[in-house]
1. Would you mind working out the magnitude of the charge dipole of the chain relative to its Cα centre, with +1 at each Lys and Arg C-beta and -1 at each Asp and Glu C-beta, to the nearest 20 Debye?
2. Round to the nearest 0.05 the FRET efficiency obtained for K192 and A266 when R0 = 22 Å and r is the Cβ-Cβ distance.
3. Just the accessible area for L137, please: 1.4 Å probe, Å², rounded to the nearest 10?
4. Which loop chymotrypsin sites (Phe, Trp or Tyr not before Pro) in region 305-347, with loop taken from DSSP, have no more than 16 other Cβ atoms within 10 angstrom of their Cβ?
5. For D314 and D16 in one chain, what is 0.36 nm times their gap in residues minus the Cα-Cα distance, to one decimal in nm?
6. Whose amide H sits under 5 Å from the amide H of R169, counting only residues 5 or more places off or on another chain, with H placed in the peptide plane?
7. Per-residue ellipticity at 222 nm for the chain, helices alone: DSSP H runs ≥ 4 residues times -39500 (n - 2.57), over residue total, nearest 500 deg cm²/dmol?
8. Ignoring ligands, DNA and RNA, please state the percent of accessible area on region 51-344 from carbon and sulfur, probe 1.4 Å.
Amino acid sequence: MSTVDQETDLPRATLDTPNERAALERLWISIFGNMMQGSFFLLTLVADIGKGRDRISTTIYTGRTGKCNLLIYLPKEDAPRRDHGTGVVVHLHGSGWTVGKAQFEHRAARRMADELGTIVVCPNYHKAPGYPYPFALYEMHAVLDWIASGGLSAVVKTHRESFVVDTTRIALSGGSAGGNLAACLALLTQKKPLCNNSSVVALGLLYPHVDAATPFEEKLDAMDNKKDVALPPWVSKFFLKAYLPPPRNFADPYVSPLRASPERLALFPETVLVTASKDYLAREGDQFAEKLQKAGVSVRHIQCQGVAHAFDLDPAFSKSQRQRNQAATEESWGTIIDVFRGALSAS
């Protein structure tokens with residue numbers, strides 16, 4: 001095994017790695033992070049009104065990472081299903097590992113559940129700055145292991161007794177930081193396999209953050225029109241400060257999967273990777289798609305033109321922009337569902 005492989009087998013930080021940031025800076029990051037989280041909590045209460053149909057809310061214990069709330073979407077009663085069961089989708093929300101809630105991903109989760117006829121699990125993972133890297137990554141690995149061990153099947157049985165879940169086949173999807181976690185979980189399950197021979201069989205990554213080591217100024221400089229940017233760089237910088245306090249390494253492949261070795265990337269499952277032309281994360285997403293393809297991975301790479309970061313969640317004010325967002329959303333999620341449909345079906 002090479003030195004590089006030895007260094008990147010597992011995350012370079014552990015759950016016991018301290019936060020060595022200066023006390024004053026740590027204080028303002030904590031205060032600002034809590035303010036943002038409080039705002040998102042209020043928005044969640046409004047956004048989630050009337051959306052509990054065919055959805056289970058449950059809390060599980062994930063070991064050292066504590067309790068995790070899950071929203072479990074059941075397909076509509078007349079959705080297509082197979083007698084031998086179909087696999088599971090775990091959809092990871094974005095918002096910089098620091099804010100956001102699974103409830104904001106309702107449209108995507110409901111669509112996947114109904115069109116695939118399968119279960120979609122949306123975890124509310126712990127957030128930075130209170131729980132910095134690698135807390136959420138290990139917490140989400142524990143959620144996958146809970147699914148693989150039969151925990152999900154037991155919960156679903158209490159609501160749909162005849163529904164069969166194939167927990168050996170798990171697809172991961174997510175946007176932005178959620179896409180980062182999905183890609184990093186694909187790496188982590190290579191070294192920490194899931195129980196009962198379960199595996200990650202497909203990835204759907206939308207505008208993912210896959211290279212934390214490249215400064216944002218450099219990412220902006222690579223854009224043709226910086227005025228198009230919808231996500232302010234200071235927001236992304238704050239998210240990284242909250243998620244990666246020192247001594248954490250920004251080039252750690254479990255933070256920056258673009259930096260993983262070709263040998264590790266070659267073990268990735270079939271992947272849909274979506275980038276947005278008005279997003280300064282687009283270049284690293286495009287590079288990641290290219291690296292995966294060169295490593296021999298089956299990749300469907302969608303480069304959406306005229307849209308910005310989180311276009312599938314952005315209502316937009318202008319009619320023309322809404323139309324572009326809707327077209328990009330349909331192409332992106334339609335492709336992800338198409339790939340997941342094949343990957344989650346038992347061979």
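The values are calculated or read from the model by the stated rules, or taken from the named source; none is laboratory data. Keep in mind that what you see is a predicted model, and the values were worked out from it rather than measured. Neighbour counts run over all protein chains shown; Cβ positions are idealised from the backbone, glycine included. Each accessible area value is taken on the protein alone, full model and side chains, heavy atoms only, with ligands, DNA and RNA left out. Shrake-Rupley method; radii C 1.70, N 1.55, O 1.52, S 1.80 Å.
1. Dipole size: approximately 620 debye.
2. 0.75
3. Answer for L137: close to 0 Å² accessible.
4. Values: sites: F311, F317, W333, F340; in loops: F317.
The qualifying sites are F317.
5. Gain on extension, D314 to D16, equals 103.5 nm.
6. Distant-sequence amide H within range of R169: V88, S199.
7. Numbers: 11 runs with 138 residues, N = 347.
Calculated from helices alone, the mean residue ellipticity at 222 nm is -12500 deg cm²/dmol.
8. In region 51-344, the share of accessible area belonging to carbon and sulfur is 49 percent.
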